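Enquirer: Have a look at this one before I ask anything.
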Amino acid sequence: MHIYLLTLLVLMFCQLGQVQAAERPEPTGDMLELNEVVVTATKTPHTLKDVPIDTIVITANDIARSNAQNLVEVLGQVPGIITDVHDDIFGTYTWRASMQGLSFNDGYALILVDGQRMIGAGQSGGMGEYGIGLNQIPLSMIKRIEIVQGPGTALYGSDAVTGVINIITKGPSRHPTASAGASYGWYNVKSRHKNGITIRPSDKDHYRNTSSAYVSLGDTPFDRLGYCLDYGYEKAEDIRQNPVDSYRHTVLGKLDFNLHQGLDLDLSSLLSHYEKTGYRQEDTWRIDAKMKFIPRDGQRIRLMGYMYKWEFDHGYPGYAYGYKHGNQKNRQVEMQYDLAVADLQHLTVGGEYREQLLDYVIEGSSSNFIPVRKGIYVSSLYLQDEMGPFNKLTVVPGVRYDHHSVFGDELNPKLSLKLQASPGTTLRASAGRAFKSPTIRQLYYQAPYEHGSYFIMSNPDLNPEISWGYSASLEHRLLDDRVSLWISGFRNDIRDLVQRVDTNEDYQGKPLMTYKNVNSARTQGIECMIKARLAHLVRVSIDYTYTDSEDRDTHKELTYVPQHYLALNTSYYHPAFGAGISTNLHYTGKQYTNSKNTKAISDHAVVGLRLYKDLMNQRAKISLEADNIFGSSKGDRENFRMNRMYLVRLDLMI
């Protein structure tokens, strides 16, 4: 794997000298670009202005203007997504990140890359062998991110309880292009204060390092063939008491074929190797194929399939939290038929077959040996009808039937409405049912699993969690679309919530825990977003989320759900000097860390700054960045946290 990646990198650098000069895009795109075509909300193309379901788009230019080193920080600018209790360092966990008050890591929101499910746990920031992290791929490979909030199960199946995040990677360019870049940063780690004891990092008052590099090539050398090839490298020294190297190599390749008029074939492959020295090693690969056929105007047939394999080696023999090694595989095929009847109706019918194969072993420090070998199979049919019975009203009913090999049949309906009240005012509303399968750890272990000071026993009799979600929003645009105002209300009612409970028994001399469907929960709130663009020079965005969460049985707030979250992002670009500045401020309210609501992370604010200068007629850019300028502990002094970080970055367009 290492030899393959190194050879590929050398070949890509050799090709850089043969690529013709490409024109660098002007820094004018932003999240207000209403003609951006999106596909995630309905699985059919719409402009952002006309999509009938609330969708937020983050573009590559949005990412470039931010201080973010990974996707977690990028998503922090989206209302309803809380990420600010995490550190902007590659290789750290993202298990506290949430959407509408429910955790990504536990599968309440669906993460897609180019429309396909991804796992990847540790290398993406997920916790454990079941976790779902957000940092799936390097930022340099991302073209845009589409965020659809609200239940998405009617189109995407299990786990899309609070929404869907689709990370869309860059594709072939129309002309020869090449780009490359590198960054180097330094940061230190704050001391930990717990139970009256201060524990300092072993390298206190010394800086740790983080770095990244990327190379990208693309072209359409023939009328019917385009390609792109991307390589990314990320490295950091973590935020533990002792520095620990984490690094990842990622390679993405794409081929687009126009086989015949109305017939297109797209192939892509994604490979990555991740390692946290002495602790974790992961290799992932994915092969993805999509074929689109347009037999006549108003009709489209799509055939899609992918294979994904994740091999992992977590921990080591005798490790208190278990030594896990083996693999998981995903395979999926899907067919979708779209029929458009003038501008009044757009019918979508699809079928899907997906299988997840588990084949790994957990070895506890007490010599218990747990094989995890299981196949999970899901067959699905979905139907959606986009109707415009009146000139300004769009009605989108949809339903999905899933047959799950463990849980049997599930039927999940959804209804969405869009009313164009005026040229600049849009009203949207949705209601739908969603379900979430229990995680691998909750359901499939054949024996108790050692987890530090206690054991956990899976429960094969768990039921899936069922949710009903509701949302309503108002979007208003003014001043020739240079200002956009958006406000939304949401509510999620969940029953059969799976929680870890104490059995009041011991196993091998340690307490034994298990999982039960014990509670119901509710999250509800308001999301607001104001975005303004002034003369293509100044951009301001203000995002605010209020979230009210409740465990309906105990009447306590859910853990790691702050009531208040505010993000303020500004940027200014001066074309005469080819220079710009951007700032960000994120405020996160108090959040409880235990179910009894007796322990909490205090409210806090984090501030970042970025200065950049265009060079070589906008074919190069150098950036200086400062993150967490005031050294906030993010309200969490009981853990090691990143202090200030400084970073220099160079980007080139060849």
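The values are calculated or read from the model by the stated rules, or taken from the named source; none is laboratory data. What you are looking at is a predicted structure, and each value in this text was computed from that prediction instead of being measured. A quick note on method: Cβ atoms are made from the backbone with ideal geometry, for glycine too, and the neighbour counts reach across all protein chains shown.
Enquirer: Under the condition of being closer than 21 Å to Thr153 by Cβ and acidic (Asp, Glu), which residue from the stretch 494-547 is modelled with the highest pLDDT?
Expert: Step by step, filter the stretch 494-547, then rank; the result is Glu527.
Enquirer: Here's something else I'd like to know. What about Phe435, is it modelled with pLDDT under 95 and within 25 Å of His404 (Cα to Cα)? First the steps, then the outcome.
Expert: On the way: modelled with pLDDT under 95: yes; within 25 Å of His404 (Cα to Cα): yes.
Against the criterion (modelled with pLDDT under 95 and within 25 Å of His404 (Cα to Cα)), Phe435 qualifies.
Enquirer: Go through (1) under 23 Å from Tyr108 (Cβ atoms); (2) assigned to a loop (DSSP other than H, G, I, E, B); (3) over 23 Å from the mean Cα position of the chain (by Cα) and name the single condition Val561 misses.
Expert: It fails just one condition, (3).
Enquirer: I'd like to check which strands (runs of 3 or more DSSP E) are fully inside the stretch 120-191 and have at least 3 residues that are under 19 Å from Asn61 (Cβ atoms), of a type in the set (D, E, K, R) and at pLDDT 90 or above.
Expert: Working: elements: 142-149, 163-169, 177-190.
Answer list for the stretch 120-191: 142-149.
Enquirer: Check every one of the strands (runs of 3 or more DSSP E) wholly within the stretch 423-536 and list those with 3 or more residues that are acidic (Asp, Glu) and closer than 25 Å to Phe369 by Cβ.
Expert: The qualifying strands (runs of 3 or more DSSP E) are 483-507.
Enquirer: Considering only residues that are among the polar types (S, T, N, Q), crowded, with 24+ Cβ neighbours inside 10 Å and on the phi < 0 side of the Ramachandran plot, which ones fall in the stretch 78-101? Reasoning before the result, please.
Expert: Filtering the stretch 78-101 for residues among the polar types (S, T, N, Q) gives 83, 92, 94, 98, 100.
Within this subset, residues satisfying the condition of being crowded, with 24+ Cβ neighbours inside 10 Å are 83, 94, 98, 100.
Residues satisfying the conditions are Thr83, Thr94, Ser98.
Enquirer: Check Leu568 against each of (1) loosely packed, with under 15 Cβ neighbours inside 10 Å; (2) of a type in the set (A, V, I, L, M, F, W, C); (3) within 28 Å of Lys531 (Cα to Cα) and name the one condition it does not meet.
Expert: For Leu568, the exception is condition (1).
Enquirer: Looking at the stretch 338-384, which of its residues are of a type in the set (Asp, Glu), out of contact with any Pro (no Cβ under 7 Å at 6 or more places or on another chain) and touching a residue at least 40 places away in the same chain (Cβ under 8 Å)?
Expert: At the first step, the residues of the stretch 338-384 found to be of a type in the set (Asp, Glu) are 338, 343, 352, 355, 359, 363.
Cutting the leftovers down to out of contact with any Pro (no Cβ under 7 Å at 6 or more places or on another chain) gives us 338, 343, 352, 355, 359.
Passing the criteria: Asp338, Asp343, Glu352.
Enquirer: Output the number of the condition that Ile294 fails; it satisfies all remaining conditions of (1) touching a Leu at 6+ places or on another chain (Cβ under 7 Å); (2) surrounded by fewer than 17 Cβ atoms within 10 Å (Cβ to Cβ); (3) farther than 28 Å from Ala620 by Cα.
Expert: Of (1) touching a Leu at 6+ places or on another chain (Cβ under 7 Å); (2) surrounded by fewer than 17 Cβ atoms within 10 Å (Cβ to Cβ); (3) farther than 28 Å from Ala620 by Cα, only one is false for Ile294: (1).
Enquirer: So which residues in the stretch 385-400 are among the aliphatic types (A, V, I, L, M) and without any contact (Cβ under 8 Å) to a residue 24 or more places away in the chain? Walk me through it before giving the result.
Expert: The first filter runs over the stretch 385-400 and keeps only residues among the aliphatic types (A, V, I, L, M), leaving 387, 393, 395-396, 399.
Once the filter is applied, which keeps residues that are among the aliphatic types (A, V, I, L, M) and without any contact (Cβ under 8 Å) to a residue 24 or more places away in the chain, the stretch 385-400 yields only Val395.
Enquirer: Residues Lys194, Lys170: which one is among the basic types (Lys, Arg) and within 28 Å of Asn628 (Cβ to Cβ)?
Expert: Details: Lys170 fails: within 28 Å of Asn628 (Cβ to Cβ).
Criteria check complete, one pass: Lys194.
One line per residue, one yes/no per condition, for (1) surrounded by 17 or more Cβ atoms within 10 Å (Cβ to Cβ); (2) in contact (Cβ under 8 Å) with a residue 12 or more places away in the chain; (3) under 20 Å from Leu585 (Cα atoms); (4) hydroxyl-bearing (Ser, Thr, Tyr):
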| position | (1), (2), (3), (4) |
| --- | --- |
| Asn492 | yes, yes, no, no |
| Arg495 | no, yes, no, no |
| Leu512 | no, yes, no, no |
| Asn517 | yes, yes, no, no |
| Leu537 | no, yes, yes, no |
| Thr545 | yes, yes, yes, yes |
| Asp548 | no, yes, no, no |
| Thr554 | no, yes, no, yes |
| Glu557 | yes, yes, no, no |
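Enquirer: State the number of residues belonging to the stretch 308-338 that are at pLDDT below 95, surrounded by fewer than 20 Cβ atoms within 10 Å (Cβ to Cβ) and either hydrophobic (A, V, I, L, M, F, W, C) or touching a helix residue (DSSP H, G or I) at 6+ places or on another chain (Cβ under 7 Å) (or both).
Expert: 1
Enquirer: Is it the case that some residue within the stretch 176-199 is out of contact with any strand residue (DSSP E or B) (no Cβ under 6 Å at 6 or more places or on another chain), in contact (Cβ under 8 Å) with a residue 24 or more places away in the chain, surrounded by fewer than 19 Cβ atoms within 10 Å (Cβ to Cβ) and of a type in the set (Ser, Thr, Tyr)? Steps first, please.
Expert: Keep residues of the stretch 176-199 that are out of contact with any strand residue (DSSP E or B) (no Cβ under 6 Å at 6 or more places or on another chain), which gives 189, 193-198.
Restricting the remaining residues to those that are in contact (Cβ under 8 Å) with a residue 24 or more places away in the chain gives 189, 193-194.
If we keep only those that are surrounded by fewer than 19 Cβ atoms within 10 Å (Cβ to Cβ) too, we end up with 193-194.
In the following step, the residues that additionally are of a type in the set (Ser, Thr, Tyr) were identified as none.
No, every residue in the stretch 176-199 fails to be out of contact with any strand residue (DSSP E or B) (no Cβ under 6 Å at 6 or more places or on another chain), in contact (Cβ under 8 Å) with a residue 24 or more places away in the chain, surrounded by fewer than 19 Cβ atoms within 10 Å (Cβ to Cβ) and of a type in the set (Ser, Thr, Tyr).
Enquirer: Looking at the stretch 607-654, which of its residues are closer than 20 Å to Tyr214 by Cβ, touching a residue at least 60 places away in the same chain (Cβ under 8 Å) and buried (at least 21 other Cβ atoms within 10 Å of the Cβ)?
Expert: The answer is Arg610, Glu625, Asp627, Met645, Leu647, Asp651.
Enquirer: Another question about this same structure. May I ask you to list the residues in the stretch 616-654 that are farther than 30 Å from Tyr592 by Cα and aliphatic (A, V, I, L, M)?
Expert: Going residue by residue through the stretch 616-654, those that are farther than 30 Å from Tyr592 by Cα are 616-625, 646-654.
Selection gives Met616, Ala620, Ile622, Leu624, Leu647, Val648, Leu650, Leu652, Met653, Ile654.
Enquirer: Exactly one condition in (1) assigned to a loop (DSSP other than H, G, I, E, B); (2) in contact (Cβ under 8 Å) with a residue 60 or more places away in the chain; (3) crowded, with 23+ Cβ neighbours inside 10 Å is false for Ser216; which is it?
Expert: (1)
Enquirer: Give all pairs with beta carbons closer than 8 Å in which a residue from the stretch 240-264 that is within 30 Å of Phe640 (Cβ to Cβ) meets a residue that is surrounded by fewer than 16 Cβ atoms within 10 Å (Cβ to Cβ) and among the β-branched types (Val, Ile, Thr); count only pairs at least 6 apart in sequence or on separate chains.
Expert: Gln241/Ile199; Val244/Thr277; Asp245/Thr277; Ser246/Thr277
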